[in-house]
Amino acid sequence: MDIKNKSGDVLGKIQIESLRKDSAIDRIVIDLKPGEGKAIYTADVTENQFTQQTNYAAIPWEDGFEQLQKLYSPWQPKFPIDSDIDAIHVFYGFDNLTPQEIEEMVEESNRSGSNVVIRDLKPNKRVVGMSITYQEYGGYKLNIFGTTKSRITLPDHDGTTVKQIAIRGVQTFYVVNNETSQLIWIEEDVHGKALQYEIIGRNMSEDLVMEITNSMNG
């Protein structure tokens, strides 16, 4: 689903789907380990023949919140007020493939007859997101990403439900199962930068998740 701002501009895409392995990309995404990224060329599809799929690794950040602010600048994300930080992790990105490398994948597909060609993405030290664990309410996480295309894969067997809720005029997705609650949405900062937010907690009610979200300020 495309996520749009109040002006109708597309901020990003959130794709929620069941756990399955019926396509090459599904199998690759499900098997990605933290810190791995793959470039995938699929010859036998009409759209999105070339994609980059990543699973960012959470790296502990020991230099404190003020130094973290310098790291993610010029982003201006929102954070919960009156909450005590327990731990911070950061996520580093991957280098995009060059046009020449993409063309080489296409040529390999044509030469070998293979419908799927895969390349490893090279990790870099560019921060693409952060994860902050707060002490309140038994501990919950706030993830913030500067990349705004996500696939959320849901298992079919644990009673998972998805509900759409509007916050500050922004469409959010509330995902809950027997153990965890997750709210995910995309929102622009004061500079117009689209940021993706996730609040994840254990057995947190919808009212509590909404209370945390509504308390967030820049």
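Please specify each residue of segment 28-54 satisfying the condition of being touching a strand residue (DSSP E or B) at 6+ places or on another chain (Cβ under 9 Å) and open to solvent by 50 Å² or more (accessible area, probe 1.4 Å).
Within segment 28-54, Ile30, Lys33, Pro34, Glu36, Asp44, Asn48, Gln49, Phe50, Gln52, Thr54 meet the criteria.
Could you tell me which residue of segment 1-40 is modelled with the lowest pLDDT, considering only residues that are outside any loop (DSSP other than H, G, I, E, B) and touching a helix residue (DSSP H, G or I) at 6+ places or on another chain (Cβ under 9 Å)?
Filtering segment 1-40 for residues that are outside any loop (DSSP other than H, G, I, E, B) and touching a helix residue (DSSP H, G or I) at 6+ places or on another chain (Cβ under 9 Å), the one modelled with the lowest pLDDT comes out as Glu17.
Does segment 199-213 contain any residue that is surrounded by fewer than 20 Cβ atoms within 10 Å (Cβ to Cβ) and within 15 Å of Pro77 (Cβ to Cβ)?
No: zero hits.
Which is among the basic types (Lys, Arg) and within 19 Å of the chain's Cα centre (by Cα), of Lys70, Lys78?
Result: Lys78 is the single residue among Lys70, Lys78 that is among the basic types (Lys, Arg) and within 19 Å of the chain's Cα centre (by Cα).
Tell me, yes or no, whether segment 85-92 has at least one residue that is part of a strand (DSSP E or B), touching a Gly at 6+ places or on another chain (Cβ under 8 Å) and farther than 23 Å from Asn55 by Cα.
yes
Just a yes or no: is a residue in segment 64-84 at pLDDT 95 or above, over 24 Å from Gly169 (Cα atoms) and surrounded by fewer than 17 Cβ atoms within 10 Å (Cβ to Cβ)?
no
Examine segment 131-138 for a residue that is modelled with pLDDT under 90 and assigned to a strand (DSSP E or B), and state whether such a residue exists.
Checked segment 131-138: no residue is modelled with pLDDT under 90 and assigned to a strand (DSSP E or B).
Restricted to segment 150-172, and to residues that are basic (Lys, Arg) and over 27 Å from Phe65 (Cβ atoms), which residue is modelled with the highest pLDDT?
Top of the filtered list is Lys163.
The values are calculated or read from the model by the stated rules, or taken from the named source; none is laboratory data. Bear in mind that the values here come from a model prediction, so they are computed numbers and not experimental data. In this analysis, Cβ positions are derived from the backbone assuming ideal geometry, glycine residues included, and neighbour counts consider all displayed protein chains. Areas reflect the complete protein model, heavy atoms only, side chains present, ligands, DNA and RNA absent. Shrake-Rupley method; radii C 1.70, N 1.55, O 1.52, S 1.80 Å.
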